[in-house]
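Just below is one structure, and these are the notes that go with it.
FYI, it's all coordinate maths here, none of it is from the lab. In this text, all values refer to a predicted model and were calculated from it rather than measured experimentally. Positions of Cβ are backbone-derived with ideal geometry, glycine not excepted, and every protein chain shown enters the neighbour counts.
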Amino acid sequence: MLPSPVERSLKSLGENLRIARKRRGETMRSFAERMQVSVPTLRKMENGDSTVSISVYAMALWLVGRVQFLAAIADPAADENALALELRNLSAKGAARR
């Protein structure tokens, strides 16, 4: 069982990709062919199924011109939690040296 925020995010991503496909006038069959997956796999992806490979989501993003955002998802420069942890560790080390 995935945490609720993860499930919601996958469902949102799938829905957004469904909307992108439909806005481009693509049928499930033609889009699945271009993605090199079966229609049932495309349907699962559009429903936010967590068992679908990330490469399937990536291919769909590429086909709708949004793959450039995939790498930015885990960009270390935008990882605020890690930055806060590093700052706490630096503060603790500085306090220990005093």
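Across the chain the C-alpha pair distances fall into 10 Å bins from zero in the proportions 14, 37, 22, 12, 9, 5, 1 percent. Residues of segment 66-81 with an amide N closer than 15 Å to a point placed 7 Å from the Cα of K93 along the Cα-to-Cβ direction: none. Summarising the label geometry, the points placed 7 Å from Cα in the beta-carbon direction at R66 and I54 lie 1.7 nm from one another.
Calculated mean residue ellipticity at 222 nm for the chain: -20500 deg cm²/dmol, from DSSP H runs with n ≥ 4 weighted as -39500 (n - 2.57), summed, divided by the residue count and rounded to 500.
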